[in-house]
Amino acid sequence: MATEKTLNDLFLDTLKDIYFAEKQILKALPKMARAAQSEESKAGFLQHRDETEGQIERLEQVFEILGKAVRGKTCEAIGGILAEGEEIMEEYKGSTALDAGLISSAQAVEHYEIARYGILIAWANQLGLADAVPLLQATLAEEVATDKKLTQLAHASANPKGKAKTQAA
Ligand code: FE
Ligand code: FE
Ligand code: FE
């Protein structure tokens, strides 16, 4: 049977998807900070954890704009990406390549978020949700900035360090 679903439903479902994802990310970032070896990596993960709290609040504001209850919808994609991060924590524990691996996991998370926020902004514009657009754009800017910072961290320290077989004293 054909259903009456429209772009409005897609927008709400995707909002629930990223809301679920952000909540999972909020829990994962302190674990990544604890696992990371360098102080810079730790600080980077913790700073983005604090930003993520604000991102969750912005999403709650978007639910409010829509007049919908704040609800998450299980996102299997973020579950898989975060599970890969956990795998790196276990398999690379104590190795020089740990931080490079953790940063790569964090970047996979950021890229998922960038894809989601990009599409939500496009749909919010299409649907005339003018008040939602700046909220989503503010978060997208933070995700993009985080991704850039992670790239710099990887190039400047984690990747070169990861090439060595033993930890520098
Ligand atoms: Fe986020
Ligand atoms: Fe998802
Ligand atoms: Fe993020």
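The values are calculated or read from the model by the stated rules, or taken from the named source; none is laboratory data. Keep in mind that what you see is a predicted model, and the values were worked out from it rather than measured. In this analysis, Cβ positions are derived from the backbone assuming ideal geometry, glycine residues included, and neighbour counts consider all displayed protein chains. For the accessible areas, the whole protein counts, side chains as well, though only heavy atoms, and no ligand, DNA or RNA atoms are used. Shrake-Rupley method; radii C 1.70, N 1.55, O 1.52, S 1.80 Å.
Overview of results
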item: Calculated FRET efficiency for the pair GLN137/THR74, C-beta based, R₀ 30 Å, to 0.05; result: 0.70
item: Most mobile listed residue (LEU153, LEU29, LEU66) in the chain, GNM with C-alpha springs under 10 Å; result: LEU66
item: Distance between segment 1-74 and segment 121-169 - C-alpha centres, whole angstrom; result: 14
item: Dipole axis of the chain (+1 Lys, Arg; -1 Asp, Glu on Cβ), positive-most option in THR6, PRO160, ALA43; result: PRO160
item: Heavy-atom surface of segment 1-76, accessible at 1.4 Å and reported per residue (Å²); result: 57
item: Computed [θ] at 222 nm, helices only, for the chain once each DSSP H run of length n ≥ 4 contributes -39500 (n - 2.57); result: -26500 deg cm²/dmol
item: Net length gained if the chain between VAL144 and ILE65 were fully extended (0.36 nm per residue, minus Cα distance); result: 26.0 nm
item: Relative contact order [Cα under 8 Å, 6+ residues apart], segment 7-159, whole percent; result: 29
item: 32 Å Cα-Cα threshold exceeded, pairs from LYS5/LYS31; LYS23/LYS93; LYS16/LYS93; LYS93/LYS148; LYS73/LYS163; LYS73/LYS161; result: LYS5/LYS31; LYS16/LYS93; LYS73/LYS163; LYS73/LYS161
item: Net lengthening on full extension, LYS27/LYS5 (0.36 nm per residue, minus Cα-Cα); result: 4.7 nm
item: √(5λ) per eigenvalue of the Cα gyration tensor, the chain, largest first, Å; result: 34, 15, 13
